[in-house]
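For reference, the structure is listed below as structure tokens.
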Amino acid sequence: MPKKTFFRLDEEKQERVVRAAISEFHTNGFAKAKVETIAENAAVAKGSIYQYFENKKELFMHSVTWSMEYFMREIDKYTPLQEMDVFDYLLKDGRKRVELLNQETTLMLFFQDIMSGKFGSLTKTINDELWKIGDKYILQLIAVGKQKGTIRTDLDDSILALYYKGVTSQFDDYVFRIITENNFELSDSVYQEIEATINQVIELLKNGMGR
């Protein structure tokens, strides 16, 4: 958790620091990443970083959670869950996620680093944090779906969440692979291929979770 001084910064400066950190961690890994490089690229003094974070690990972990939460915030701007049918939301969520992953190259590569285990002994801690954020999102989705009558109410939320994660767990890996194989330039035919996969995933979710 960053220090209070970090949250006193305006959002633009917070984002600048975090994006500089993500770029450095992706390029050099955790052990070789340099705080002075992060500070320089964020246009802040090196000493300021330690006013915002206790140490490099705290900055790293905040960069991980910020990345996940950034994607979720951006998706929600275009697909507000409370205003939509859950499965329509998931369809548009999938489309927007593909667009964001294609636009946010460094963030996408950072996530690939995480999933590939690049950060060694930190991997379990990272995954635990990401699962917490992901579980909160999934349980919110289930609650809204039950309220709207589109998700089954005869199953416990934890079972529905387990099913959701099982169906969707490989989707981001698939999208990462497609985007990198196409050198971050997605043609209409590639978008159509991804769209077809999204529709199949939604059908699986409807069959298992829907009413």
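Just so you know, all these numbers are worked out from the coordinates, no wet-lab data involved. These figures come from a predicted structure and were not determined experimentally. Using ideal geometry, Cβ is built from the backbone for each residue, glycine included, and neighbour counts are taken over all protein chains shown.
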Nearest-ten-degree value, helix 188-209 long axis tilted from longest Cα axis of the chain = 60
The ³J(HN,Hα) series, computed from each phi in region 3-8 with the Karplus coefficients 6.51, -1.76 and 1.60 at θ = phi - 60°, rounded to the nearest Hz and given as x for glycine or proline, is 6, 4, 4, 5, 6, 7
Helix-derived mean residue ellipticity, 222 nm - over the chain, DSSP H n ≥ 4, -39500 (n - 2.57), to 500 = -25500 deg cm²/dmol
GNM of the chain, Cα pairs under 10 angstrom: of GLU58, GLU181, GLU12, the biggest fluctuation goes to GLU12
When the chain is treated as a Gaussian network with springs between alpha carbons less than 10 Å apart, the largest mean-square fluctuation among ILE159, ILE75, ILE22 is found at ILE159
What net charge is computed for the residues neighbouring LYS165, neighbours being all others with C-beta under 14 Å from the C-beta of LYS165, Lys and Arg scored +1, Asp and Glu -1?
-> -2
For q = 0.15, 0.18, 0.27 Å⁻¹, what log10 I(q)/I(0) does region 118-193 give under the Debye formula with an equal point scatterer on each alpha carbon and no solvent?
-> -0.75, -0.90, -1.15
Going by a ≥ b ≥ c, the root eigenvalues of the Cα gyration tensor, does the chain fall in the rounded group (a/c under 1.5), the prolate group (a/b larger than b/c) or the oblate group?
-> prolate
Can you bin region 11-101 into rounded, prolate or oblate? Criterion: square roots of the alpha carbon gyration tensor eigenvalues sorted a ≥ b ≥ c, rounded for a/c under 1.5, prolate for a/b above b/c, oblate for the rest.
-> prolate
The chain, Gaussian network, Cα under 10 Å: of ASN183, ASN127, ASN102, the residue fluctuating most is ASN183
Eligible lysines near LYS118 by straight Cα distance, threshold 27 Å, same-chain separation 8 or greater | LYS3, LYS32, LYS34, LYS46, LYS56, LYS57, LYS96, LYS132, LYS136, LYS165
Could you state the angle between the C-alpha long axis of helix 56-78 and the longest principal axis of the C-alpha atoms of the chain, as a value from 0 to 90 degrees rounded to the nearest 10?
-> 40
Taking the Cα-to-Cβ direction at LYS206 and at GLN170 and moving 7 Å from each Cα, how far apart do the two end points lie in nm?
-> 2.2
A correct Karplus calculation of ³J(HN,Hα) over region 26-41, with 6.51 cos²θ - 1.76 cosθ + 1.60, θ = phi - 60°, whole Hz and x for Gly and Pro, returns 5, 6, 10, x, 6, 4, 8, 5, 10, 4, 5, 5, 4, 4, 4, 6
Obtain the nm distance between the two label points defined at ASN183 and GLU69 by a simple spin-label model: each point lies 7 Å from its Cα along the Cα-to-C-beta direction.
-> 3.7
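Can you give the FRET efficiency to the nearest 0.05 for LYS57 and ASN199, using r as the Cβ-Cβ distance and R₀ = 30 Å?
E(calc), rounded to 0.05, equals 0.15.
In nm, what is the difference between 0.36 nm times the number of residues separating LEU162 and ASN127 and their Cα-Cα distance? Walk me through the numbers on the way to the answer.
Values: separation 35, 0.36 × 35 = 12.60 nm, distance 1.59 nm.
Between LEU162 and ASN127, full extension yields 11.0 nm more.
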